[in-house]
Amino acid sequence: MAILKFRASFEEDDAIYRDIVIKHKQTFAELHFAILKAYEFDSRHQATFYRSNDNWQRGREISFDKYDKAYVVAPLLMAETIIATEIFDTNQKFIYEYDFSKHWTFLIELINVSKEINPKLTYPACTRVEGIGPQQYGTKSLLGDKFADIEEKYDLHEAKEGFSEEGEETDKEDAEESFGEESETDTEDTF
């Protein structure tokens with residue numbers, strides 16, 4: 001049995017990618033769910049694969065469902081299409097589009113074929129993660145929800161007593177500026 005390794009790169013930044021291994025007899029639906037899981041996306045939206053070439057042109061469509069749109073040729077369905085039936089090249093490429101309103105696009109490339117099955121893995125599996133993936137529903141900091149708790153606990157919005165905003169002068173700065181200057185009381189003779 002062949003194990004296929006695909007690299008699923010985020011279209012807008014090829015430094016962000018996930019490597020996914022899958023058995024050649026598994027379906028595109030299983031690859032679809034593996035990509036969503038690897039990028040931490042939910043599975044609520046429409047999705048489709050396009051067979052592609054070295055120039056990333058869209059070819060035959062392999063869709064999750066038959067959607068209400070115009071097709072040049074009726075699409076293959078992911079649940080019925082075995083991955084091995086669509087591999088025509090040693091570095092076969094696919095374009096994966098998810099959520100047709102947001103147009104999340106991933107470039108999928110076959111990067112390795114192996115006969116070795118890892119008994120510790122449940123296929124399909126994500127074997128490598130590079131870069132911080134896009135957030136499906138807006139921005140999220142590296143700390144996520146925890147940042148709001150930290151921000152509230154330490155009140156990071158306002159400067160507290162003893163701390164000044166950049167550019168504000170403080171009494172200490174005034175004292176440092178006048179240090180070394182003679183004041184009227186220092187010049188009087190005290191005998």
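Below is a table of values for the structure above.
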item: In segment 90-105, residue nearest to residue 42 (Cα to Cα) [restricted to those that are open to solvent by 20 Å² or more (accessible area, probe 1.4 Å) and of a type in the set (A, V, I, L, M, F, W, C)]; result: 104
item: Some residue of segment 104-119 being small (Gly, Ala, Ser), touching a residue at least 40 places away in the same chain (Cβ under 8 Å) and over 22 Å from residue 10 (Cβ atoms); result: yes
item: Strands (runs of 3 or more DSSP E) lying entirely in segment 1-88 (those with 1 or more residues that are surrounded by 12 or more Cβ atoms within 10 Å (Cβ to Cβ), charged (D, E, K, R) and in contact (Cβ under 8 Å) with a residue 40 or more places away in the chain); result: 3-10, 13-23, 47-52
item: Test set (1) in a loop (DSSP other than H, G, I, E, B); (2) touching a strand residue (DSSP E or B) at 6+ places or on another chain (Cβ under 8 Å); (3) over 13 Å from residue 19 (Cα atoms) - residue 97 fails condition number; result: (1)
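Conditions tested, residue by residue: (1) more than 19 Å from residue 123 (Cα to Cα); (2) small (Gly, Ala, Ser); (3) touching an Asp or Glu at 6+ places or on another chain (Cβ under 8 Å).
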{"residue": "20", "(1), (2), (3)": "no, no, no"}
{"residue": "25", "(1), (2), (3)": "no, no, no"}
{"residue": "34", "(1), (2), (3)": "no, yes, no"}
{"residue": "45", "(1), (2), (3)": "yes, no, yes"}
{"residue": "49", "(1), (2), (3)": "yes, no, yes"}
{"residue": "56", "(1), (2), (3)": "yes, no, no"}
{"residue": "59", "(1), (2), (3)": "yes, yes, no"}
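The values are calculated or read from the model by the stated rules, or taken from the named source; none is laboratory data. Quick caveat: nothing in here was measured; it's all calculated off a predicted structure. Methodologically, a virtual Cβ is constructed for each residue, glycine included, from the backbone with ideal geometry; neighbour enumeration extends over all protein chains shown. Ligands, DNA and RNA are excluded from the accessible area calculation, which covers all protein heavy atoms including side chains. Shrake-Rupley method; radii C 1.70, N 1.55, O 1.52, S 1.80 Å.
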